[in-house]
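Heads up: the structure comes next, in structure tokens.
What follows draws every value from the coordinates through simple rules; no lab data is involved. All figures in this text were calculated on a predicted structure; none of them were measured in a lab. Neighbour counts run over all protein chains shown; Cβ positions are idealised from the backbone, glycine included.
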Amino acid sequence: MSAGSGPRLARSLAAPAPGWTAEADAIVVGSGIAGLTAALELRTHVPRVLLVTKGRLLSGSTVWAQGGIAAALHPSDSPEAHLADTLAAGGGLSDPEAVQVLVTEGPERVRELVARGAVFDKAADGDIALTREGGHRADRIAHAGGDATGAEISRALVAQIEAVRHDPGIEVVENALVLDVLTTMPMGGRDGSKESGARACGVTLHVRGTGSRDGVGAVLAPAVVLATGGIGQVFRSSTNPAGATGDGIAAALRAGAVLGDLEFVQFHPTVLWLGTGAKGQVPLISEAVRGEGALLLDVDGHRFMPAVHELAELAPRDVVAHAIQRQMAVTGADNVLLDARHLGREFLRARFPTINRRLLEAQIDWSEEPVPVSPAQHYHSGGVVTDLDGRSSVDGLYAVGEVACTGVHGANRLASNSLLEGIVFAYRAARDIAARFDAGELKPGEPAERPGGSGLVAAAARSRIQKVTSAGSGVIRSARSLAEVDERLAAVRADAHLADEVMAEPQAAEWETTNVHQVARALTRAAALREETRGGHYRTDFPKPVEAWKRRVQVWLDADGVLQAG
């Protein structure tokens with residue numbers, strides 16, 4: 001698969017015409033740490049903010065984050081040391097300027113979380129307790145509830161939203177799936193909308209529930225912030241929740257935005273192995289467990305990581321995941337073992353209460369026996385390409401959190417940098433929108449119909465898409481496997497709404513499956529182009545990094561919906 005033109009994808013989702021219309025000054029899509037932060041910051045600077053979330057406010061990936069949030073909070077640590085560790089993990093592709101923003105602004109953003117009510121675990125001296133995870137050479141991971149950091153941060157931020165829910169300046173719409181980003185005029189060209197003058201002017205969405213706003217509607221606004229999270233459900237098994245169907249990435253792609261680093265998918269090394277039939281969301285065993293001293297063994301009881309990397313079990317996640325995959329191939333087993341027995345029952349119960357409870361539910365007492373683990377999709381380092389203020393290539397369209405490609409993570413995310421990235425860049429995006437709003441740069445626009453046609457993939461095809469993508473575009477890839485994925489994904493009908501013999505109607509399951517299909521196609525194309533191994537992208541036919549590939553692979557749709565890459 002060479003650079004240039006690729007498959008043709010729909011430029012919009014097949015959906016009923018909007019039955020209602022509303023207006024706002026800024027729309028935030030998503031209620032994880034990035035979306036909640038952006039909404040709270042925007043509320044104090046623009047007159048009307050609409051926060052849209054796919055489920056309830058307390059949903060999304062942030063709630064599931066176990067390990068913690070990384071920041072140089074201790075006097076013996078420094079932003080410079082954090083920067084060095086982040087760049088090392090990024091495989092040479094992290095943007096140093098973006099990382100500099102992350103590590104220098106991060107500590108203040110964490111302190112603001114505390115001011116907003118987040119309660120982190122304390123050390124004996126009363127300061128925030130800090131621990132270490134893979135790739136970090138200092139203790140800089142703040143955690144809450146032992147292993148429930150994301151849940152605590154979400155609780156605190158949602159409480160802030162609830163406190164102002166009746167403020168006329170902010171409206172929360174729950175159980176709403178965003179379908180498409182509305183744009184003002186047709187677009188084309190590599191940087192799409194900027195060259196043709198098109199800009200974001202709102203979203204279409206489907207609201208489930210009762211009241212004056214349900215069904216498909218349109219909200220018009222000059223600024224749209226995507227904070228929709230990851231792409232976990234593109235794969236057969238993932239630590240992501242069921243709602244992580246790549247909605248924001250797909251909507252941005254259809255709107256003409258440039259995407260980058262899609263091929264860099266982080267597979268968490270230690271996800272509880274529940275058997276060959278496991279699919280959907282699976283429990284992860286936090287990297288912090290290895291940070292506290294747990295060891296990786298193969299099924300024969302051999303500890304293999306010291307021979308792989310100087311940091312052994314605390315090597316960057318891509319290194320550990322690939323090592324586990326290779327060791328599984330050597331032993332012919334479907335899993336390896338995480339041995340935490342020497343840490344003791346009381347310590348494990350107190351430090352990792354959530355993990356301990358989930359293991360006991362699976363009838364595993366990890367103080368008495370090693371835990372079977374294997375890699376599963378966990379985090380996506382790529383997404384909507386943005387600048388340091390969250391701006392995408394489509395004017396008025398912003399992306400923050402996991403849906404964005406800020407350049408921080410490069411080829412591989414350093415542990416616990418995700419929550420920090422979400423809050424740092426959401427804050428910057430909100431401030432940029434506010435400044436542009438005050439300057440009169442962001443004005444309402446009239447939506448225009450895009451060329452390229454609409455699409456719909458039957459929900460029944462989702463398991464096939466996931467299986468195919470996991471097999472060929474998963475932890476280990478090759479030209480042959482990627483070509484097979486591309487061929488099999490091309491055979492999936494993307495016009496199910498026009499096919500009498502296919503049972504499919506425009507509705508939530510089909511819209512999500514269409515997003516999954518489009519993201520899988522774009523990701524596979526990017527992975528096929530990158531003929532090397534780097535970070536979260538492992539090619540058996542190109543097993544080493546290549547200097548010429550120390551650059552970003554970008555994909556975008558032209559005006560007719562043809563997938564371009566370069």
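The trypsin sites (Lys or Arg not before Pro) found in the stretch 1-97 that occupy coil by DSSP, while having at most 13 further C-beta atoms within 10 Å, are Arg56. Each residue, Lys467 and Asp365, gets one label point 7 Å from its Cα in the Cβ direction; the gap between the two is 3.9 nm. Taking 15 Å as the straight-line reach from the Cα of Lys550, the aspartates and glutamates in range (excluding those fewer than 8 positions away in the same chain) are Asp95, Asp261, Glu263, Glu531, Glu532. Label separation (Ala548 vs Glu441): 3.8 nm, computed from points 7 Å beyond Cα along the C-beta direction.
The calculated 222 nm mean residue ellipticity attributable to helices in the chain amounts to -9500 deg cm²/dmol, summing -39500 (n - 2.57) over DSSP H runs of n ≥ 4 and dividing by all residues. Rounded to the nearest 20 debye, the dipole size of the stretch 270-375 about its Cα centre is 260 debye, using +1 on the Cβ of Lys and Arg and -1 on the Cβ of Asp and Glu.
Net charge of the neighbourhood of Ser454, taken over other residues with C-beta under 14 Å away and scored Lys/Arg +1, Asp/Glu -1, is -1. Using 0.36 nm per residue and subtracting the Cα-Cα separation, the extra length available between Val299 and Val502 on full extension is 68.6 nm.
Work out which helices of the chain, taken as complete DSSP H runs, extend at least 18 Å along their axis over the Cα atoms and score a mean Kyte-Doolittle of -0.5 or more, then list them.
Correct list, ordered by number: 96-115, 149-163, 317-331, 417-438, 508-529.
With both labels modelled 7 Å from their Cα along Cα-to-Cβ, the Ala333 to Thr354 distance reads 2.7 nm.
The Rg/Rh ratio of the stretch 270-375, with both radii computed over alpha carbons and Rh defined as the Kirkwood radius, is 0.94. Each 10 Å bin from 0 upward holds the following percent of the Cα-Cα pairs of the chain: 4, 19, 31, 27, 15, 4, 0. Cβ-Cβ distance of Ala88 and Met185, R₀ of 35 Å, FRET efficiency by 1/(1 + (r/R0)^6): the value works out to about 0.20.
Residues whose amide H lies under 5 Å from that of His380, counting only those 5 or more places away or on a different chain, are Ile231, Gln266; hydrogens are built 1.01 Å from N in the peptide plane.
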